[in-house]
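Report on one structure; see the data block that follows.
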Amino acid sequence: MGSSESKAAHSKANRIARWRSTGIVALREAKLKTFPDEVLDLDKSVRTLDLTQNKLVEIPMEISKLVNMQRLILASNHIEQLPSTMGNLQSLKAMILDGNRITSLPDELGELVKLEKLSISGNMLMSLPNTIGSLRSLSLLNVSNNKLKYLPESIGICSSLEELQANGVPNLEDRQFMFDCVQHTNNLIEELPASVCNLVQLKSLSLNNNKVNQIPPNILKDCKALQNFSLHDNPISMSQFQQMDGFEEFEARRKKKFDKQLDSNVMIGSKGLDEGVDL
């Protein structure tokens, strides 16, 4: 073996040893086109896997070997679908899939019972699986900039959900800027399922740039933790929103939150109900 080959082999061995020792595998911008076999060979040692900004098209079924993985970051790739074996990743707490080409999520997603954060913005999702309701530990769900026309009724069973983002693409002058990451996708949600009223932990709900024309009449009354409700650039009017049961209590929570931000010298927007409904 030549000197350069020997050095390369030594470097690779050191890298694998480091991954096994720390449990952290970071291969950002490594120009990967296929999932690295040496990562799969680490099986139970992997705790965090970050393959952001590569050229991966698919995730192998064998990813199920990484049973102790807690964080999976696959943003900015070319992934089109997830294998059904993803459901075996029972330790997973965070999964970041933003900026891919995913058209659907497997039903086995609901088996990730420890999942707390799921971000899959800038993809091509037409719908979410009903099994998403099984994610009782989920606190953050970001499905912005997809092709969603509705959210499943089962979303209301995600009892730990605190933040739900399902924004569409901003106005026309911003579309060119976002072209690469959203690939001309756009949510077109018209209404929310009534079950959203069951999300008693929900603090923030963002549905900007959709087609929302009505929301469950009890949402402000029943979602007693709600502090931020963003509905900019939707057909629903300010007067509709203000006439809903629980609006005064919601407004009090919103102002209390902003007062705390001001006390911490955090700048906020100046226009009325900036975190609510556009006039």
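Laboratory data are not the source of any read-out in this text; all were calculated from the coordinates shown. What you are looking at is a predicted structure, and each value in this text was computed from that prediction instead of being measured. All Cβ positions, glycine included, derive from the backbone under ideal geometry; neighbour counts span all protein chains shown.
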**Prompt:** Quick one, which of [x] 77, 39, 38; [y] 62, 41, 35; [z] 79, 41, 33 is the actual Cα extents along the principal axes in Å calculated for this model?
**Reply:** [x]
**Prompt:** By how many degrees, 0 to 90 and rounded to 10, does the Cα axis of helix 247-263 deviate from the longest principal axis of the chain?
**Reply:** 60 degrees
**Message:** Can you compute the helix-only [θ] at 222 nm over the chain? Use -39500 (n - 2.57) per DSSP H run of at least 4 residues, normalise by all residues, nearest 500 deg cm²/dmol.
**Reply:** -6500 deg cm²/dmol
**Fill in**
About its Cα centre, the stretch 93-263 carries a charge dipole, from +1 on Lys and Arg Cβ atoms and -1 on Asp and Glu Cβ atoms, whose size in debye to the nearest 20 is 240 debye
**Request:** For helix 172-182, report the angle its Cα long axis makes with the longest principal axis of the Cα atoms of the chain; keep it between 0 and 90° and round to the nearest 10°.
**Result:** 30 degrees
**Message:** When a/c reaches 1.5 or more, the comparison of a/b and b/c decides; with that in mind, is the stretch 80-178 rounded, prolate or oblate per its Cα gyration tensor?
**Reply:** prolate
**Item:** Fewest-first sequence of ILE157, ILE132, ILE63 by Cβ atoms within 10 Å of each Cβ
**Value:** ILE157, ILE63, ILE132
**Asked** Roughly speaking, what is the stretch gain from GLU251 to SER160, that is 0.36 nm per residue apart minus the C-alpha to C-alpha distance, in nm to one decimal?
**Response** 30.5 nm
**Among LEU56, SER6, GLY87 the positive-end extreme of the charge dipole of the stretch 1-98 (Cβ point charges)** = SER6
**Most mobile listed residue (MET69, MET238, MET95) in the chain, GNM with C-alpha springs under 10 Å** = MET238
**Request:** Work out, step by step, the length gained on full extension between SER6 and ASN130: first 0.36 nm times the residue separation, then minus their alpha carbon distance; give nm to one decimal.
**Result:** 39.4 nm
**Message:** Suppose each label sits 7 Å from its Cα in the direction of the beta carbon; what would the ASP37-LEU188 distance come out to in nanometres?
**Reply:** 4.6 nm
**Message:** Need one number: nm distance between label points at ASN213 and THR85, each 7 Å from Cα along Cα→Cβ, rounded to one decimal.
**Reply:** 4.7 nm
**Leading residue at positive end of dipole, the chain (Cβ point charges), from LEU115, LEU32, SER139** = LEU32
**Message:** Less than 13 Å Cβ to Cβ from SER139, Lys/Arg counted +1 and Asp/Glu -1: what total charge do the surrounding residues give?
**Reply:** +2
